[in-house]
Every structure is written in C-alpha cells, then in structure tokens.
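Asks: First, the structure itself, so that you have it in front of you.
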Amino acid sequence: MSLAIFDLDNTLLGGDSDHAWGEFIVAQRIVDPEAYQAQNDRFFNDYLAGKLDIQVYLNFCLQLLGEHEPAQLDVWHQQFMAEKIMPIMLPKARELIEQHRAAGDTLMIITATNRFITAPIARALDIDILLATECERDGQRYTGRTTDVACFREGKVTRLQRWLLENNRSLEGSYFYSDSHNDLPLLSMVDHPVAVDPDDTLKAHAEAQGWPVISLR
C-alpha cells in the first residue's frame, strides 16, 4: 500500500485557498479591505518568489481567527467554500485521487495553508489524512497564533517524517504531486515525484530530472 501525497493549492485546486480566503474576508469587509488586500497580495507574491517569511505571514493571517467566535468563523467558512472553493475544484484532480484510492493507496494532503481553511476542503475531497499548518487553540477558541512546525518547504519534510514514524510507514512506492518549487525538498524524497501545472522553476527542475509533468486543468 503506497502513500499518495498531494499538495493542495494550485495542484488539487485551480487556485490558492489561502489567498482566496484573504480575498473573501476583504470582499465581506470582515477586515479593513485596502490594508488587508495590500498585505495579502504582498505575502502571496513573496510566496511565488520563494522568499516568504512563513512566521510573519502566519502572524498576519491567523490574527482574525483569534478575534472571532468559532461559530462565526464556521459560518464564514461555509460561505467561502460555496463561493470560492467549489468553483475551483478540478474534475481531473478528483479523477486522480480516485485512481489512487482504487489502487488501494493511502491518500494524504500536505499543505502550508492552515488547518482552519483546509480541513473542510480535505473533507470535500474525501481525504482523511491532512498535514497542514496548525492553528493554536485555547479551549474551543483560536488564539490567533500558530503552533507546531509550519508545514512549509522543509517543514513539510519534518511533519511527514514524524507522521511516517508515528504510523510505522515508509515512503517506499510513494507519490507526491505538487505545482510549486517550494516543495522541491519533499518532491526529492519520494519515489514518484510529479510536477502538476508547475511554476517555471519546478518545471525546469522536473524536466532536468526526468520527472513527469502533468496538468489537471
């Protein structure tokens, strides 16, 4: 039974859920629209350029979670799923997931985007195992801070290695699908790395290494 690991944003989704959440809360005027939009776009461009300071970004984007009751956050997330996420669900991504499910593979999403945003998306894709950046809680409420190792770049490797150890699993026969050069540390570890609608840096690396390059769009 092999492990089939999927990045989420711009891999299984035809967009970035983290950035889309920022656009949603701006559109709903849950935050100061102009100031938040400018910051959100700046962080997103840093991510694309491979120079994102993940802790600074998380301090920015998780602050909102600490300012509102979980029940209100859940109402907003349901609307976000309907308006922003369902329209960017990719039929070919669902087909790929089902191919691995039918083969008996263990399915996992590993994403830098935080668990508040991504857990409902993973449920919608019927994938039970989610490694995501974690949101700290104090009882039921979010604190607005992160906890554990951010699931980003080398942090994805750290989090996956811990999961493998805790679950007595290995990467033998494993697959990892991603669009981003930020995932090169993990792509280089699996037996079957696959570049999905990759950015230019990943595309060049994949072609040089002879990795498959596919599109789910």
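Read-outs: derived from the displayed coordinates by stated rules, not from any lab. This structure is a prediction, so every number in the text was calculated from the model and none was measured. Neighbour counts run over all protein chains shown; Cβ positions are idealised from the backbone, glycine included.
Asks: Can you show me the helix-derived [θ] at 222 nm for the chain, built from DSSP H runs with n ≥ 4 at -39,500 (n - 2.57) apiece and divided by the number of residues, rounded to the nearest 500.
Replies: The helix contribution divided over the chain gives -14000 deg cm²/dmol.
Asks: Still on this structure, please answer the following. If you fit an axis through the alpha-carbon atoms of helix 17-27 and take the longest principal axis of the Cα set of the chain, what angle between them do you get, 0 to 90°, nearest 10?
Replies: Between the helix axis and the principal axis of the chain, the angle is about 20 degrees.
Asks: Considering the options SER188, LEU165, THR118, tell which one lies farthest towards the positive end of the dipole of segment 110-217, charges being +1 on Lys and Arg and -1 on Asp and Glu at the Cβ, about the Cα centre.
Replies: Among SER188, LEU165, THR118, the one farthest towards the positive end of the dipole of segment 110-217 is THR118.
Asks: Relative contact order for segment 21-155 using alpha-carbon pairs under 8 Å, separation at least 6, rounded to a whole percent?
Replies: That works out to 25 percent.
Asks: Rounded to the nearest Å, what's the spacing between the alpha carbon centres of segment 24-48 and segment 95-135? Just the number, please.
Replies: That distance is 25 Å.
Asks: Where does segment 61-217 land on the Kirkwood hydrodynamic radius, alpha-carbon pairs, in angstrom?
Replies: Evaluated on segment 61-217, it is 17.0 Å.
Asks: Continuing with this model, one more query. Provide Rg and Dmax in Å for segment 1-113, with only Cα atoms included in the calculation.
Replies: Reported Rg and Dmax, both Å: 16.0, 49.
Asks: Place the peptides 81-87, 154-160, 17-23 in order of packing, highest mean first, counting for every residue the other Cβ atoms within 10 Å and averaging per peptide.
Replies: Top to bottom by mean Cβ count within 10 Å: 17-23, 154-160, 81-87.
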